[in-house]
């Protein structure tokens, strides 16, 4: 019998999908792809099989353009399949199709998906790409409600607030992010960002202190361009006006 348009689940498929996952995780992508393709051809109406086909291509194979038709195929059969809708949104974002991604994220949120943190983070990134900074700031705030004090989320919201001209609020976000880190592992990028915002507000002394601190805690493996920007910021705030 069919239930809500879905065909019954053959019990043997569970073990076969576990084998596909084992192959993926052990680095045997081509074997995993061949196996899941066989299963998709043999079971063209099993949504979970089609979803795993899309995930194998999009995540393990890093081929989002090839994964997207499989997600579309599932949604043509079951428009309310939220997990697929979420993965479609993530795939669209990876392809740079951010307006479509936002629409899919909105659909997922409207129904009440449980994975709200990833939804808010990824939608915020797409909104930023679309220069919709007020909406992005809203989503970073919602993400922080899910994961309070996360320094990376605070940094992202600070960037959105800076784009909106909310410099004092952005500086506070970066201050909170720095306060959440251990002294021996302070991220010089946070200091660089706060220094740049303090300079924009005319706090030259504060900006210079941040650039100096950023240089002192620069770590092996940090990007060279970060070092360059810290040095440039220090030079700019040390120059006579």
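Just so you know, all these numbers are worked out from the coordinates, no wet-lab data involved. The model shown is predicted, which means the values in this text are computed figures rather than measured ones.
Some notes on this structure:
- Max mean-square fluctuation residue, GNM over the chain, Cα-Cα springs under 10 Å, options 96, 54, 27: 27
- Calculated translational diffusion coefficient of the stretch 182-241 (20 °C, 1.002 mPa s; Stokes-Einstein with Kirkwood radius over alpha-carbon pairs) equals 190 µm²/s.
- Shape category assigned to the stretch 36-111 from the gyration tensor of Cα positions, a/c cut at 1.5: oblate
- Structural descriptor for the chain: relative contact order 8 percent, calculated from alpha carbon pairs under 8 angstrom and at least 6 residues apart.
- Length gained on full extension, residue 45 to residue 75: 9.7 nm, using 0.36 nm per residue less the C-alpha separation.
- Shape of the stretch 139-239 from the C-alpha gyration tensor: oblate (a/c of 1.5 or more and a/b not above b/c, with a ≥ b ≥ c the square roots of its eigenvalues).
- All Cα pairs of the stretch 131-180, percent lying beyond 17 Å: 24
- Crossing angle, helix 188-200 versus the chain [Cα axis fit, 0-90 degrees, rounded to tens]: 60
- Contact order relative to length of the stretch 127-241, as percent, for alpha carbon pairs under 8 angstrom and 6 or more apart: 18
- The chain - mean residue ellipticity at 222 nm from DSSP helices (-39,500 (n - 2.57) per run, n ≥ 4, rounded to 500): -23000 deg cm²/dmol
- Helix 167-179 vs. the chain, principal-axis angle (Cα, 0 to 90°, nearest 10): 80
- Size-normalised alpha-carbon gyration radius of the stretch 53-157, reference 2.2 N^0.38 Å: 1.07
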